[in-house]
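The values are calculated or read from the model by the stated rules, or taken from the named source; none is laboratory data. Predicted model only: the values in this text are computed from it and were never measured. Quick reminder, even Gly has a Cβ in these numbers, built from the backbone with ideal geometry, and neighbours come from all protein chains shown. With ligands, DNA and RNA removed, areas are computed over all heavy atoms of the protein, side chains included. Shrake-Rupley method; radii C 1.70, N 1.55, O 1.52, S 1.80 Å.
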Amino acid sequence: MGATEPVVERENGEAVREERERESNREAEVDFRDVERGPEVGAQEHGVQTHPPGEFHMSRLQRLSETNPLRLVINGATRVATPSPPQFRPTPSPPQFRPTPPPSQPLPTPSPSQPLPTPSPSQPRSTPTPQQSLITLNSRRYTNRISLFLFLLHMVVAVGLFGFLIFKGIQSLLQGGETQRKEKRLLEYFLPQVEAASFLSITLAFLWQKAVREWPKFMVHFIIWTSFLMALSAGILLICFQRPATDGVGAVFLIFAIGNGLYACWVTPRTGFCSKIFIKSLEPVSKFPDLNRPTYWMLGAGFLWISLWIFAVIGALYFYFPPLIIIALVLSLAWTAEVMRNVANVTVSRVIALYYLRGMQSSTQFCFQRALSKNLGSACLGSLFVPTIEALRIVARGLNLLEGEDEFMFSCAHCCLKVMESIFRCGNGWANVQIATYGKGFVQASKDTWELFEMREMEQIVDSDMTSAICFLTGVCSGSICVIVVAAWTATVQRSFTATISLLAFYIGYLMTRIAMALPQACVSCYYVCYAENPDNRLFDKSLIQDRLNSIKSGHDLVVPTPRRLHRISRTWRTLRATRLNLIFHMVVGG
């Protein structure tokens, strides 16, 4: 019996080894199937695989297409979030599932008197558990929760205020006397024109977006000069009514038209590069047929909200302190419309950025749900800061042009530019791309994005980019068209309402068009930011941005001085001023 025991033990050992090898092969096959489903999981946005697969057969890899994300990850063709080395955790398992020793080592034969060895941490059989990656594409946390809470609180208050003011308007309509007559006159001569402006603005919004996507090169020049002509026409029309209120509003339009015309002449050399960027950045849109749906949903929601807002404005006229309430309603509508625009921007940014960085065709609906939930706080915070930052940017550049002999203006300009330097780093419109892609907060995304631009020396290119100006002028053009139509209508029925209705029509037309232009603006932002993150991606035209950067460095293309590059210009101004004073001194002494 003792002679046969080793044979039995060896047979048992071989059976255990074969069982472990079959179990290991089954696990390798399961791991490979999970990895192979990675692109499908990414396409549905249920998760992104951040750890490499286990063992798999090279013959299966060779059958994958060259554009398959799995093959790109294996070949290192794309920049992916590199996970930390896997940390293995031994898990207790039954004896038949103990780790398999290397084939070169003989299988130890367990003896009845010696217990089976415990699996060591260096040779586990359990599935490797990678450390949490610092960069994830599927963050589950809510960003900027304080701003999200404030916006939701604002919406609750706004809905309550709308309901109360609409109730006050109905109550004044049911009452007799002078109040009832005023209410009926508003409903007859005020409400139809404003609602018509809403319908016209949403129609123009659809047309502008469609035209920019179909003919981007032509539309860049068309928008710049059409906005000038429409603003000039609106101003002249209002002044022709010869009433104090319409004269004042018309003068504002004329001043803006003059500035718009000067700007159009000034940026003419840059329109060629802007057209090329539009053409290249809008190429991926055709790969996502439903990419416009979030923008359309936001336009529909904006139209309904503005319709309720108009009734609330009418009701505010019959409550205490009408001017203050109307100002509050105007600010509330501005924030709400800007949040709608940023939600559409973040949705498009995630779809396009994942296409550039990972080669994934993401679900637009899932990205839209993320923008309305996880990233809504960042969209709310950006809606407050980005318009303010853009306004300060214009003021800073204006002060820079004015600085010269006046020491006070000189000091104010540099103080403002120092403030702008910190503001641009902590909050800019380019942050939406990293907010959408990595789920970062607004401030952190702004800092990281600007660091990418500085690393690639792209600050001058993005500072001189005309995309925001094109979208702004598109809104101005739509608002001016609404003013021309509504003002001409109102002047024939109730001329006393012309100035007020003209301002409301311009405001509504501008906001609706800005929501529609979120798609092309997001595409351009993704092109810049994703290029800065991975310029070697084959989806980018390397010569486009690099040639522009070389032209700026060589001085062939002049760009607007940025707030971070004006110290050199300030020294030049001081040198010129000192030279002029010395020249005057020598002339006086010599005379």
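See the values below:
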read-out: Selection within the stretch 134-156 - under 21 Å from Asp448 (Cβ atoms), open to solvent by less than 60 Å² (accessible area, probe 1.4 Å) and in contact with a Phe, Trp or Tyr (Cβ under 9 Å, 6 or more places away or on another chain); value: Thr136, Leu137, Ser139, Thr143, Asn144, Ser147, Leu148
read-out: When residues of the stretch 403-451 are limited to those that are at pLDDT 85 or above and not in a helix (DSSP H, G or I), the one nearest to Leu137 (Cα to Cα); value: Gly439
read-out: Residues being at negative phi and outside any helix (DSSP H, G or I) - total across the stretch 302-342; value: 4
read-out: Test: residue in the stretch 342-359 that is touching a Gly at 6+ places or on another chain (Cβ under 8 Å) and surrounded by fewer than 23 Cβ atoms within 10 Å (Cβ to Cβ); value: yes
read-out: Leading residue by the ranking (least open to solvent (accessible area, probe 1.4 Å)) among those in the stretch 279-300 that are assigned to a helix (DSSP H, G or I) and aromatic (Phe, Trp, Tyr); value: Tyr296
read-out: Residue that is in contact with an Asp or Glu (Cβ under 6 Å, 6 or more places away or on another chain) and either open to solvent by 10 Å² or more (accessible area, probe 1.4 Å) or not β-branched (Val, Ile, Thr) (or both), where the choices are Ala413, Ala469, Ala445; value: Ala413
read-out: So Cys274, is it in a helix (DSSP H, G or I) and surrounded by fewer than 14 Cβ atoms within 10 Å (Cβ to Cβ); value: no
read-out: Test: residue in the stretch 552-565 that is modelled with pLDDT under 90, open to solvent by less than 40 Å² (accessible area, probe 1.4 Å) and assigned to a helix (DSSP H, G or I); value: yes
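A quick yes/no check of all residues on (1) surrounded by 13 or more Cβ atoms within 10 Å (Cβ to Cβ); (2) touching a Leu at 6+ places or on another chain (Cβ under 9 Å); (3) of a type in the set (Val, Ile, Thr):
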| position | (1), (2), (3) |
| --- | --- |
| Ala158 | yes, yes, no |
| Ser172 | yes, yes, no |
| Glu178 | no, no, no |
| Arg181 | no, no, no |
| Tyr189 | yes, no, no |
| Glu195 | yes, no, no |
| Leu204 | yes, no, no |
